[in-house]
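Beneath this line is the structure, given in structure tokens, with notes to follow.
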Amino acid sequence: MSKKLTMEELLLSAGYSAKAIKLYMDKVNVGSLENSDVALTYTGLPCGDTMTLYLKLGKDGTIQDAKFEYKGCIGTASSGSALTMLVIGKTVKEAWNITKDDILKELGGLPESHCAELAINALHKALEKLEAK
């Protein structure tokens with residue numbers, strides 16, 4: 001008789017890191033952000049997952065808070081969590097320098113990298129919108 005795998009064991013076997021799974025399970029920075037300075041929704045390719053990114057600037061110009069909502073897979077959820085963790089405390093200029101590889105490094109790996117790419121594209125579109133204000 002075979003042992004029944006837990007959800008965490010299944011995700012680990014699919015290539016998600018323990019950190020990516022924890023961020024997903026704990027829903028880190030998932031939700032909307034009232035009074036955000038920018039809210040931007042982006043749908044990625046090839047999967048069609050969608051992320052809405054909210055950024056709130058402090059008086060000193062740094063990103064004081066960041067949250068996101070998503071429709072999609074565990075990779076999109078964990079990439080959004082990693083992204084928000086990386087941008088909080090950064091200036092807009094510093095946030096522009098965050099890359100897909102930074103997200104993958106923060107997560108310790110994902111089975112596919114297009115989820116991290118979706119998060120970076122959402123960030124860049126949000127920063128463009130913020131700078132246009």
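The values are calculated or read from the model by the stated rules, or taken from the named source; none is laboratory data. Keep in mind that this is a model prediction, so the values were computed, not measured. Virtual Cβ from ideal backbone geometry, glycine too; neighbours counted across all protein chains shown.
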Being surrounded by 19 or more Cβ atoms within 10 Å (Cβ to Cβ) and either among the hydroxyl-bearing types (Ser, Thr, Tyr) or touching a helix residue (DSSP H, G or I) at 6+ places or on another chain (Cβ under 8 Å) (or both) narrows Gly75, Gly61 down to just Gly75
For the range 1-37, name all the residues that are within 25 Å of Lys105 (Cβ to Cβ) and among the β-branched types (Val, Ile, Thr).
Ile21, Val28, Val30
Can you name the residue in the range 101-115 that is modelled with pLDDT of 95 or more and crowded, with 18+ Cβ neighbours inside 10 Å and is also nearest to Tyr54 (Cα to Cα) among such residues?
Ile103
Residue pairs meeting the criteria (Cβ under 7 Å; at least 6 apart or on separate chains; first at negative phi, in the range 105-128; second of a type in the set (Phe, Trp, Tyr) and loosely packed, with under 15 Cβ neighbours inside 10 Å):
Leu127/Trp96
Select from the range 37-67 the residues that are part of a loop (DSSP other than H, G, I, E, B) and more than 17 Å from Thr91 (Cβ to Cβ) and list them in ascending order.
Gly44, Leu45, Pro46, Cys47, Gly48, Asp49
